[in-house]
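In what follows, a single structure is set out as structure tokens and then discussed.
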Amino acid sequence: MQYRTLGRSALQVSPLCFGGNVFGWTVDERTSFSLLDAWLDAGFNFIDTADVYSRWAPGHSGGESETIIGKWLAQGGRRGKVVLATKVGMDMGDGRVGLKPARIREAVEASLRRLQTDHIDLYQAHKDDAGTPLADTLEAFGALIKAGKVRVIGASNYSAPRLAEALETSRRLGLPRYESLQPLYNLSDRAVFENELQALCMKEGLGVISFYALAAGFLTGKYRKDSDTATSARASTIARYLNGRGLAILAALDEVAGAIGSTPARVAIAWLVARPGVTAPIASATSLAQLADLVAASELKLDASATAALDTASTGG
């Protein structure tokens, strides 16, 4: 497997990143362990989570995903094989939200405890905090890097103007900079990244680890009408893709997959892995069969005609 460099950092990551939001939410601890073991066995090393995963689920308070990953790491022999990414900034309740220095210092200690590690490879601002000066946030992250608790920092859900401002702030003040961006990007959701962020990330040499690689499962092709979402934990998210454009994209995925003997999910991820500027798309799996699809997708190369067909369907061209 050919690893990729994350931004201008020294981190070498696999071409796909396992999305840890499912751990403790749609998959239990035992299944999570088997998925993580299979991920490493397949040659992948990149895992992404966040302190807030999965606070949205009934009875959860956040930290469930990090806790499971930490228990898995504690079994021994795994930490050195993993590039571990987590995030801070979302609302954890009781006023624990945002990117003020005190919040970052508190949050990183909690994440380290849950993850049962002494350092985080990639620590990301989960979303922009307009109420906190960028310099304050970056200084706090810089202190964590100096202390050896964090290796590299990244941003998630930043607009192009705010990301550019953050990078300029780092340059001006001599502070560590965001080395990666985690944006929404997939075959269905293209505008947010392609209109402004893609050019900025490529110009600045940032790694891109896009989320929702399969559009909450829609691009697998198993959701083609409203009734198909009845048992999905992501039903409300998937529903927004069930329209004329979404069905046209599925039709194109079906056509390409049929022509090359693959699946819509593999084709959708292969398209994303090959996009300019993308380092490692984030994708999740809840079974070993789904994980096998991710492994196969990372090895799939689409020709120009297949890529053109997908582009035409997803842009309406």
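Remarks
- Selection from region 95-112 of residues that are surrounded by fewer than 23 Cβ atoms within 10 Å (Cβ to Cβ), at pLDDT 95 or above and part of a loop (DSSP other than H, G, I, E, B): ARG96, VAL97, GLY98, LYS100
- Qualifying positions in region 225-244 - loosely packed, with under 14 Cβ neighbours inside 10 Å and over 22 Å from the mean Cα position of the chain (by Cα): LYS225, ASP226, SER227, ALA230, THR231, ASN243, GLY244
- Of the residues making up region 21-50, those that are of a type outside the set (A, V, I, L, M) and either within 27 Å of ALA125 (Cβ to Cβ) or modelled with pLDDT under 95 (or both) number 12.
- Looking across region 269-303, just one residue is out of contact with any Leu (no Cβ under 7 Å at 6 or more places or on another chain) and in a strand (DSSP E or B), and that is ILE282.
- When LEU253, LEU206 are screened for being touching a residue at least 24 places away in the same chain (Cβ under 8 Å), surrounded by 20 or more Cβ atoms within 10 Å (Cβ to Cβ) and within 16 Å of ALA155 (Cα to Cα), only LEU206 passes.
- Residue in region 38-50 that is small (Gly, Ala, Ser), farther than 25 Å from ILE145 by Cα and assigned to a helix (DSSP H, G or I) present: yes
- Residue that is nearest to SER232 (Cα to Cα), among those in region 178-207 that are assigned to a loop (DSSP other than H, G, I, E, B) and among the small types (Gly, Ala, Ser): SER188
- Residues in region 64-106 that are over 14 Å from TYR53 (Cβ atoms) and of a type in the set (Asp, Glu): ASP94, GLU106.
- Extreme residue, surrounded by the most Cβ atoms within 10 Å (Cβ to Cβ), among residues of region 291-317 that are among the small types (Gly, Ala, Ser) and more than 17 Å from ALA252 (Cβ to Cβ): SER298
- Selection count, region 208-257, where residues are among the aliphatic types (A, V, I, L, M), over 18 Å from SER284 (Cβ atoms) and assigned to a loop (DSSP other than H, G, I, E, B): 2
- If you check THR220, THR263 for being closer than 19 Å to TYR185 by Cβ, modelled with pLDDT of 85 or more and of a type outside the set (D, E, K, R), only one passes: THR220.
- From the options ALA140, ALA147, ALA50, residue that is among the hydrophobic types (A, V, I, L, M, F, W, C), farther than 23 Å from LEU36 by Cβ and out of contact with any Leu (no Cβ under 9 Å at 6 or more places or on another chain): ALA147
- Region 148-177, subset in contact (Cβ under 8 Å) with a residue 40 or more places away in the chain and not in a helix (DSSP H, G or I), residue surrounded by the most Cβ atoms within 10 Å (Cβ to Cβ): GLY154
- Residue-level check: of (1) part of a loop (DSSP other than H, G, I, E, B); (2) closer than 22 Å to THR279 by Cβ; (3) over 17 Å from the mean Cα position of the chain (by Cα); (4) among the aliphatic types (A, V, I, L, M), ILE145 misses just (1).
- ASP303 under 30 Å from GLY24 (Cβ atoms) and of a type in the set (Asp, Glu): no
The values are calculated or read from the model by the stated rules, or taken from the named source; none is laboratory data. All figures in this text were calculated on a predicted structure; none of them were measured in a lab. So basically every Cβ, Gly included, is an ideal-geometry build from the backbone, and we count neighbours across all protein chains shown.
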